[in-house]
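Below is one structure, written out as structure tokens; comments come after it.
The values are calculated or read from the model by the stated rules, or taken from the named source; none is laboratory data. These figures come from a predicted structure and were not determined experimentally. Every residue, glycine among them, receives a Cβ derived from its backbone with ideal geometry; neighbour counts consider all protein chains shown. Quick note on the areas: whole protein, heavy atoms, side chains included, nothing else; ligands and nucleic acids left out. Shrake-Rupley method; radii C 1.70, N 1.55, O 1.52, S 1.80 Å.
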Amino acid sequence: MKLQERSLWKTIKEEHFLPVYLVTGTEGYLKQKYCRLIAERAVPDSLRDFNFQEFSGDTLSMEELVLSAESIPIMSPRRCVLVHDLNFTALKDADWEALQTLIAEPFDTCVLIFWQDTQGFPRNTKKMKELYTAFDHAGAVVELNRRSTNDLVRYVGSECKKQGISIRPSAAQYLIESVGDDMSNLTTELEKLCSFSDGEITREDIDTICIKSLEATAFQMVDALMARNYDRVFSSIAVLFDQRTEPMMILGALVSTYSDMYRVKVVLQNGGRARDLKKLFPQAYRSDFKLEQAERRCRSFSLNCLRESLEILARADLTLKSSSEDPQTVLEQLMIELGMCRKRSA
């Protein structure tokens with residue numbers, strides 16, 4: 001069966017464990033959280049030494065996996081076996097057949113979890129499609145993908161409430177825009193904020209405490225350009241250089257931001273939706289976050305302005321790579337040119 005996050009949580013809470021789990025998706029934090037939670041709830045902590053075993057996919061022996069899964073649990077109704085990041089497509093024929101048999105005929109006394117952390121689970125061949133169907137029939141397929149901004153705002157509010165701290169939705173959204181939509185990083189920054197705050201988390205707290213992602217800083221520099229606030233733009237560049245951020249990384253973040261806006265603008269002007277780009281560029285847009293940010297900002301730019309901006313960025317790239325000019329000065333001049341470009345098209 002296919003389980004959504006809410007249904008998965010319910011089955012874990014009720015300790016209704018299935019024999020096999022395939023956990024995939026784009027949100028690493030959630031995948032790790034639920035795989036560990038299944039393992040912790042399936043086997044009591046006092047009996048983990050006897051009834052829990054974890055394998056790394058790159059060193060896995062299929063013979064060891066089958067042996068572990070069929071072992072009789074000790075003083076417990078079940079044992080749990082966790083396989084982390086198995087490259088299914090690289091399996092030899094004999095291992096593939098053993099795996100198919102193991103999934104099709106799972107052991108009643110074992111909870112078997114396949115945690116696809118970085119490997120993913122491509123369904124681009126007949127064999128992989130058949131294996132996916134086998135997981136679906138034998139147990140549960142769980143796809144945990146990155147959450148939308150609205151879902152993350154609710155998550156931030158809920159986590160703050162648990163700590164007796166309040167945060168307004170606008171501040172929660174600002175936090176997400178500042179540190180990005182990766183839940184692992186977001187949770188870390190939120191823990192810092194809750195420890196610092198004595199009641200309510202504000203935008204000022206976020207600016208003071210949080211380490212902003214380079215992508216978020218690029219977004220905010222574009223916002224400052226739109227507001228013609230060059231002091232803020234130059235201040236952001238200075239902070240990045242103080243943090244010893246590589247100039248090419250700063251430029252790369254700006255190129256990515258303008259490329260996103262350009263792509264979204266083209267799609268919107270042709271009657272499409274921003275999320276249509278997820279099908280064209282699945283690796284670039286694994287969540288809606290970047291597309292939401294790009295759509296909000298691209299409406300303040302003409303298509304010609306965005307096209308010209310990309311040309312300006314290309315020239316800056318060449319200058320940084322081939323000139324002896326001071327990189328900070330090059331980037332400051334770049335931001336002035338980008339600002340003037342938008343002013344001409346306004």
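Please tell me which of these pairs span more than 27 angstrom C-alpha to C-alpha: K161/K279; K2/K279; K33/K92; K13/K279; K161/K265?
Violating the 27 Å Cα-Cα cut-off are K161/K279; K33/K92; K13/K279; K161/K265.
Taking amide H positions as placed 1.01 Å from N in the peptide plane, with prolines and chain starts having none, which residues 5 or more places from F52, or on another chain, fall under 5 Å of its amide H?
C80
Just to confirm the number: angle between the C-alpha axis of helix 303-322 and the first principal axis of the chain, 0 to 90 degrees, nearest 10?
With both axes taken from Cα atoms, the answer is about 90 degrees.
Compute the distance in nm between two label points, each set 7 Å from the Cα along the Cα-to-Cβ direction, one at R123 and one at D326.
Here the answer is 5.6 nm between the modelled labels.
Can you work out the FRET efficiency for the pair D151 and D207, with r the C-beta to C-beta distance and R0 = 25 Å, to the nearest 0.05?
Taking R0 as 25 Å, the efficiency between D151 and D207 is 0.55.
Per-residue counts of other Cβ atoms within 10 Å, averaged by peptide: what ranking do you get for 14-20, 48-54, highest first?
48-54, 14-20
What's the extension gain from K343 to I74 if we count 0.36 nm per residue and subtract their Cα-Cα distance?
Stretched fully, the K343-I74 segment lengthens by 89.6 nm.
So which trypsin sites (Lys or Arg not before Pro) in region 94-134 are both in a DSSP loop and have at most 15 other Cβ atoms within 10 Å of their Cβ?
Sites meeting the loop and neighbour criteria: R123.
Can you classify region 26-93 as rounded, prolate or oblate using the Cα gyration tensor, where a ≥ b ≥ c are the square roots of its eigenvalues, rounded means a/c under 1.5, and otherwise it's prolate if a/b beats b/c and oblate if not?
Oblate shape, in that a/c is at least 1.5 and b/c is the bigger or equal ratio.
Over the chain, what is the relative contact order in percent, taking alpha-carbon pairs closer than 8 angstrom and at least six residues apart?
Taking the mean separation of contacting Cα pairs over the length of the chain, I get 16 percent.
Calculate the spin-label point distance for T133 paired with S302, positioning each point 7 Å from the Cα along the beta-carbon direction, and give it in nanometres.
So the label points at S302 and T133 sit 5.5 nm apart.
Would you calculate, for the chain, the mean residue ellipticity at 222 nm contributed by helices, counting each DSSP H stretch of 4 or more residues as -39,500 (n - 2.57) and dividing by all residues, to the nearest 500?
-19000 deg cm²/dmol
Can you compute the modelled spin-label distance between I336 and L268, with each label point 7 Å from Cα toward Cβ, in nm?
Using points 7 Å along Cα→Cβ, the separation is 3.0 nm.
Which FRET efficiency value, to the nearest 0.05, do you get for R6 and A314 by plugging their Cβ-Cβ distance into 1/(1 + (r/R0)^6) with R0 = 45 Å?
Taking R0 as 45 Å, the efficiency between R6 and A314 is 0.45.
Kindly write out, for region 43-52 in residue order, the coupling ³J(HN,Hα) from the Karplus curve 6.51 cos²θ - 1.76 cosθ + 1.60 (θ = phi - 60°), rounded to whole Hz, with x marking Gly and Pro.
My calculation for region 43-52 gives 10, x, 4, 5, 10, 5, 4, 8, 10, 10 Hz in order.
By its C-alpha gyration tensor, with a ≥ b ≥ c as the square roots of the eigenvalues, how is region 241-325 shaped: rounded for a/c under 1.5, else prolate for a/b larger than b/c, else oblate?
prolate
Starting from one equal scatterer on each C-alpha and no solvent at all, send me the Debye-based log10 I(q)/I(0) for the chain at q = 0.11 Å⁻¹, two decimals.
At q = 0.11 Å⁻¹ the computed log10 ratios are -0.88.
Tell me, what % of the accessible area of the chain is carbon and sulfur with a 1.4 angstrom probe?
Within the chain, the accessible surface is 47 percent carbon and sulfur.
Can you tell me the accessible area per residue over the chain, all protein chains present, probe 1.4 angstrom, in square angstrom?
In whole numbers, the chain has 52 Å² accessible per residue.
Mind running the shape call on region 71-165? Use the C-alpha gyration tensor, a ≥ b ≥ c as the square roots of the eigenvalues: rounded below 1.5 for a/c, prolate if a/b tops b/c, oblate otherwise.
oblate
With θ taken as phi - 60° and the coefficients 6.51, -1.76 and 1.60, list the Karplus ³J(HN,Hα) couplings across region 325-341 in order, rounded to whole Hz; mark glycine and proline as x.
Once θ is set to phi - 60°, the couplings for region 325-341 become 4, 4, x, 5, 5, 4, 5, 5, 5, 4, 5, 5, 4, 5, x, 5, 4 Hz.
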